[in-house]
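All of the numbers you see were taken from the coordinates with simple rules; none came from a lab. Please read all numbers here as calculations on a predicted model, not as lab measurements. We place every Cβ from the backbone using ideal geometry, glycine too, and count neighbours over all the protein chains shown.
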Amino acid sequence: MQVDIVAPDREVFSGEADEVYARSQDGDLGILPGHQPVLVALRPDSAVRVKVGGGEQAWTVSGGFLQFRDNRLTVLADGIDGA
């Protein structure tokens, strides 16, 4: 699935991923290719983890939104820390 993670000042990640994990206001969320469409508010100071092959990248977001639709996941973060 295509994953795009953006903050107000930069694009943080753009590429294909196998899995994405995040913490919404309602609890933990795991997204795999083919997941049902979803739009959730992200919990401040929580991690967004992207798994590609055997590796993983993670960032801490200070809130924002995650949308998954048509095998494309977008994170619009209020702010972001991490690699």
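Taking the criterion of being closer than 12 Å to residue 77 by Cα and not in a loop (DSSP other than H, G, I, E, B), the residues of segment 1-12 that qualify are 4, 5, 6, 7, 10, 11, 12. A count restricted to segment 25-60 and to residues that are among the small types (Gly, Ala, Ser) and either under 10 Å from the mean Cα position of the chain (by Cα) or under 14 Å from residue 4 (Cα atoms) (or both) stands at 3. Of these, 41, 7, 22, 47, which one is surrounded by fewer than 13 Cβ atoms within 10 Å (Cβ to Cβ) and of a type in the set (Gly, Ala, Ser)? Checking each option against the conditions leaves just 41. Those strands (runs of 3 or more DSSP E) of segment 23-83 in which 2 or more residues are closer than 21 Å to residue 11 by Cβ occupy 38-52, 55-69, 72-77, 80-82.
Filtered by the rule that a residue be buried (at least 16 other Cβ atoms within 10 Å of the Cβ) and farther than 11 Å from residue 77 by Cα, segment 52-65 gives a lone residue, 57.
Beta carbons closer than 6 Å, at least 6 apart along the sequence or on distinct chains, pair a first residue in segment 1-28 that is acidic (Asp, Glu) with a second that is assigned to a loop (DSSP other than H, G, I, E, B) for 19/32.
Which residues, taken from segment 15-49, are among the acidic types (Asp, Glu) and at positive phi? Break it down stepwise before answering.
As a first pass, look at segment 15-49 and keep what is among the acidic types (Asp, Glu): 16, 18-19, 26, 28, 45.
45 - this is the single residue of segment 15-49 that is among the acidic types (Asp, Glu) and at positive phi.
Close Cβ contacts (under 8 Å, 6 or more residues apart or on different chains) running from residues in segment 50-63 that are at positive phi to residues that are assigned to a strand (DSSP E or B) comprise 63/41; 63/42; 63/43; 63/44; 63/77.
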